[in-house]
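Structure first, commentary second.
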Ligand SMILES: [Zn+2]
């Protein structure tokens, strides 16, 4: 629309297309100009419309990115399931784990963890109407909610797996001084391959304990 706008306002005034545009512009109600003006208002560029000015496409591109980024940030904090996602994802861009040659189950586990749908009690408790504070981990004695952070960082059921996959990371002095949110971010973002392997093994272990499966 902006490209067409830039062309239209540059046309000779006698050209039929320009005359049709001027008619549309003057009317500005339930028509193309009305819709375009509405978009420019949202992007804080309406002065270009009012003064019939050429719109710089790179400026428009930046405004569009800002607009959708703020909309996206506003929407995701309202979805409780995305509790982990909002801590990990700050930019709308392709995540590095997507580009790694992970197996299907590894990629699936990482995606499920990020989206809050890994079958942990924080999620499965929701199916049977448990309050959030009731969704306590049944696999350790810490009396913690079994959420993504507990599953990756704390639950004692997976201590061996954690030592196996994250040994060097979790013994690092800097790591020990981090908050839980920072630890989760550090592990998931900086070590996606190790995280993927850990998640597959930990979910398998959890399943074995719950269902006795091998
Ligand atoms: Zn636990």
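Condition check ((1) more than 11 Å from the ligand (Cβ to nearest atom); (2) at pLDDT 95 or above; (3) surrounded by 14 or more Cβ atoms within 10 Å (Cβ to Cβ); (4) more than 26 Å from the chain's Cα centre (by Cα)) across all residues:
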{"position": "112", "(1), (2), (3), (4)": "yes, yes, yes, no"}
{"position": "120", "(1), (2), (3), (4)": "no, yes, yes, no"}
{"position": "127", "(1), (2), (3), (4)": "yes, no, no, no"}
{"position": "134", "(1), (2), (3), (4)": "yes, yes, no, yes"}
{"position": "140", "(1), (2), (3), (4)": "no, yes, yes, yes"}
{"position": "144", "(1), (2), (3), (4)": "no, yes, yes, no"}
{"position": "147", "(1), (2), (3), (4)": "no, yes, yes, no"}
{"position": "155", "(1), (2), (3), (4)": "no, yes, yes, no"}
{"position": "160", "(1), (2), (3), (4)": "yes, yes, no, yes"}
Please verify whether region 97-105 includes one or more residues that are in a loop (DSSP other than H, G, I, E, B), in the same structural domain as residue 196 (by TED's automatic domain parsing), touching a helix residue (DSSP H, G or I) at 6+ places or on another chain (Cβ under 6 Å) and within 16 Å of the ligand (Cβ to nearest atom). no
Those residues of region 171-182 which are surrounded by 11 or more Cβ atoms within 10 Å (Cβ to Cβ), within 23 Å of residue 86 (Cα to Cα) and away from the ligand (no atom under 16 Å from the Cβ) amount to 175, 178, 181, 182
Residues of region 1-24 being touching a residue at least 12 places away in the same chain (Cβ under 8 Å) and outside any loop (DSSP other than H, G, I, E, B), in sequence order, are 2, 3, 5, 6, 8, 9, 10, 21
How many of the residues in region 177-214 are free of Cβ contacts under 8 Å to residues at least 40 places away in the same chain and part of a helix (DSSP H, G or I)? 12
Being part of a loop (DSSP other than H, G, I, E, B), surrounded by fewer than 15 Cβ atoms within 10 Å (Cβ to Cβ) and not assigned by TED's automatic domain parsing to the domain that holds residue 193, is that true of even one residue in region 57-75? no
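The values are calculated or read from the model by the stated rules, or taken from the named source; none is laboratory data. Bear in mind that the values here come from a model prediction, so they are computed numbers and not experimental data. All Cβ positions, even for glycine, are placed from backbone atoms using ideal geometry, and neighbour counts span all protein chains on display.
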